[in-house]
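Structure first, commentary second.
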Amino acid sequence: MKRSTGIVFVLALALAAFVYFYDVKRKPATEASSESSKPAFSLTSTDVKQIKIQRSGTATSFERKSDGWYMTQPRSQRAEGSALDGLASQFSSVTVDRTFPATPDNVNSFGLKDPAVTVNFTLNNGASHELRFGSKDFSASSIYVLIDDGKQISLMPDSIYSSADKSPDDFRDKSLTSVATGDANFFDLVNSSGEVSGAKKDNNWSLSKPRAVGGDRGKIDALLGAVATGQITKFISDTNGSLAKYGLDKPAVHFQAKLADGKSVQLEVGKKEGAAYYARDLSHPGIFQINDNLYSILSDKYIDLRDKQITHVMPDDVTRTEVHNLNGTFACVKGSGSGLVLEQSGDKKAEPPSCPDIIAELGEDQADEVYDNPPASVVKELAKPAVQITITHKNGKKSQLAFSGITGDSIYGRNDASPAIYKFAKRVFDEVNFPQPK
């Protein structure tokens, strides 16, 4: 063995011996117990009713109520349930790997003379426990802790310390609102594109502003759902001071939603900083930030939230469709099954061929644009429709759909129930020009 290699080997042995001596043997007064790992407490996570964390001179207290966790100190408000549930779960599962006598020398050398973090928790039966956290051991994955009476120093995994070593803001509930806006029956949205208002009846949305038309249920539900599940990314202030500083004196977005039970939420969004936007909930003081994705949804325009389907007729409500397209003129009628079949003259014994479910297909097509007051140039496109489809409903009522030829990459369509004209991708032209079934 080379001399240099031998020196390295000897030094490695010396270091290992030092760690072992320092952390385990040290001297008789500090000898570690030889007991195997065992639970620190005998309890379940649901037994924990109150938690208090003292850190950096600040006390933060929490209480579990019937509807979740609440912060009681330094301020009264809803707390982040998952964080407190996680901490309570760790109380029930944390283990002690080794113990040491709580001699003054050990208390001092293990960083427990002035604990950086102290956690107290109280159970439903009134019993309470305390953990005073010191320094970590040489592995940096375990930490020295004084538990309750402090007669022994325990070495346990540092995960419980990491969960407790947080600021009060880290434990605040970051839900944008506690109102279940996904269940709202009214909304009003004001942003740079104008104002859009809508109301829900019989599970269908209709808009009242800027004009009375049907609403896009999917898009409106997505808007309300985004607010319901939205998260605060950062707390800025607990007061409404300096609104102008954050662009909230003249907000770029104002959103309101109301539920049938009278609950409501009003949000305002101000200016942007980095990838976040300043915002506030008008039901209580305070300023916070939201992310760009939520702001983008709150920037929806009228055309985004307006109904963009040319027809809402359900296929089962159709008894007959008469088609005039580039492939001729023919009709489809209700067959023996649930769909439509080709209408045939005379007494035909053979089962007629099935027709495409064109009504269902058109009901799924979303227009790229909708002209509520179409300009003359657009109206002209439908002066002589390339395709006409007349629908007869179960109640005998008839409605007619008309489609233009292809202009650029689009075609135009119209339902005779409204003056609005719908602009579709040109693939819809192939859809409505299906051949007569054979």
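Anything in the stretch 302-316 that is of a type outside the set (D, E, K, R) and either touching a helix residue (DSSP H, G or I) at 6+ places or on another chain (Cβ under 9 Å) or open to solvent by 40 Å² or more (accessible area, probe 1.4 Å) (or both)? List them, or say none. Across the stretch 302-316, the qualifying residues are Ile303, Leu305, Gln309, Ile310, Thr311, His312, Val313, Met314, Pro315. Screening Gly241 with (1) over 22 Å from Thr181 (Cβ atoms); (2) in a strand (DSSP E or B); (3) open to solvent by less than 40 Å² (accessible area, probe 1.4 Å) gives one miss only, at (2).
Each residue in the stretch 317-352 was checked for being farther than 21 Å from Ala417 by Cβ, surrounded by 15 or more Cβ atoms within 10 Å (Cβ to Cβ) and charged (D, E, K, R), and 2 of them qualify. All conditions in (1) in contact with a strand residue (DSSP E or B) (Cβ under 6 Å, 6 or more places away or on another chain); (2) surrounded by 13 or more Cβ atoms within 10 Å (Cβ to Cβ); (3) more than 30 Å from Gln231 (Cα to Cα); (4) at pLDDT 50 or above hold for Thr103, with the sole exception of (1).
Residues considered: Leu146, Leu87, Leu131, Leu112. Of these, the only one that is within 19 Å of Ser56 (Cβ to Cβ) and assigned to a loop (DSSP other than H, G, I, E, B) is Leu112. Here is the figure for the stretch 149-160: residues that are open to solvent by less than 40 Å² (accessible area, probe 1.4 Å), outside any strand (DSSP E or B) and without any contact (Cβ under 8 Å) to a residue 60 or more places away in the chain total 2. Within the stretch 96-109, the only residue that satisfies the criterion of being of a type in the set (S, T, N, Q) and assigned to a strand (DSSP E or B) is Thr99.
Would you please name the residue that is modelled with the highest pLDDT, looking only at residues in the stretch 335-345 that are within 44 Å of the chain's Cα centre (by Cα) and either within 14 Å of Pro435 (Cα to Cα) or not hydroxyl-bearing (Ser, Thr, Tyr) (or both)? Filtering first and then ranking leaves Leu340. Criterion applied to Gly126, Gly86 was being of a type outside the set (A, V, I, L, M, F, W, C) and surrounded by 13 or more Cβ atoms within 10 Å (Cβ to Cβ), and the one residue passing it is Gly86. When Glu35 is tested against (1) open to solvent by 40 Å² or more (accessible area, probe 1.4 Å); (2) part of a strand (DSSP E or B); (3) modelled with pLDDT under 95, just one condition goes unmet, and that condition is (2).
Looking for something touching a Ser or Thr at 6+ places or on another chain (Cβ under 6 Å), more than 30 Å from Thr60 (Cβ to Cβ), surrounded by fewer than 19 Cβ atoms within 10 Å (Cβ to Cβ) and not acidic (Asp, Glu) - is there at least one such residue anywhere in the stretch 214-226? Yes, the stretch 214-226 contains at least one residue that is touching a Ser or Thr at 6+ places or on another chain (Cβ under 6 Å), more than 30 Å from Thr60 (Cβ to Cβ), surrounded by fewer than 19 Cβ atoms within 10 Å (Cβ to Cβ) and not acidic (Asp, Glu).
Checking Ile290, Ile310, Ile297 one by one, the residue that is in a loop (DSSP other than H, G, I, E, B) and either among the charged types (D, E, K, R) or at pLDDT 95 or above (or both) is Ile310 and no other. Residues in the stretch 353-393 that are more than 14 Å from Val428 (Cα to Cα) and either small (Gly, Ala, Ser) or open to solvent by 80 Å² or more (accessible area, probe 1.4 Å) (or both): Ser354, Asn373, Ala376, Ser377, Lys380, Ala383, Lys384. Of all positions in the stretch 267-281, at least one carries a residue that is open to solvent by less than 30 Å² (accessible area, probe 1.4 Å) and among the aromatic types (Phe, Trp, Tyr).
Scanning the stretch 183-206 for residues that are open to solvent by 40 Å² or more (accessible area, probe 1.4 Å), small (Gly, Ala, Ser) and not in a strand (DSSP E or B) turns up Ser192, Ser193. Residues that are small (Gly, Ala, Ser) and without any contact (Cβ under 8 Å) to a residue 60 or more places away in the chain were ranked within the stretch 345-369; the one that is nearest to Val213 (Cα to Cα) is Ala367. From the list Gly413, Gly396, Gly405, the one residue that fits, being free of Cβ contacts under 8 Å to residues at least 60 places away in the same chain, out of contact with any Pro (no Cβ under 7 Å at 6 or more places or on another chain) and surrounded by 14 or more Cβ atoms within 10 Å (Cβ to Cβ), is Gly405. Within the stretch 244-266, track down each residue that is open to solvent by 70 Å² or more (accessible area, probe 1.4 Å) and outside any loop (DSSP other than H, G, I, E, B). The answer is Lys245, Lys258.
Pairs are defined by a Cβ separation below 6 Å, a sequence spacing of at least 6 or placement on different chains, a first member in the stretch 370-387 that is among the β-branched types (Val, Ile, Thr), and a second member that is surrounded by 15 or more Cβ atoms within 10 Å (Cβ to Cβ) and assigned to a helix (DSSP H, G or I); the pairs so defined are Val387/Val432. Scanning the stretch 416-438 for residues that are open to solvent by less than 50 Å² (accessible area, probe 1.4 Å) and among the charged types (D, E, K, R) returns Lys423, Glu431. Within the stretch 50-81, the only residue that satisfies the criterion of being charged (D, E, K, R), touching a helix residue (DSSP H, G or I) at 6+ places or on another chain (Cβ under 9 Å) and modelled with pLDDT of 95 or more is Arg64. As a summary of the residue check, Asp173 satisfies the conditions (1) in contact with a His (Cβ under 8 Å, 6 or more places away or on another chain); (2) under 20 Å from Leu282 (Cβ atoms); (3) touching a residue at least 40 places away in the same chain (Cβ under 8 Å) except for the one numbered (1).
The values are calculated or read from the model by the stated rules, or taken from the named source; none is laboratory data. Not measured: the values here are computed from a predicted model. When we count neighbours, we look across all protein chains shown, and the Cβ atoms used for this are built from the backbone with ideal geometry, even at glycine. In case anyone asks, the SASA skips ligands and DNA or RNA and just uses the protein heavy atoms, side chains included. Shrake-Rupley method; radii C 1.70, N 1.55, O 1.52, S 1.80 Å.
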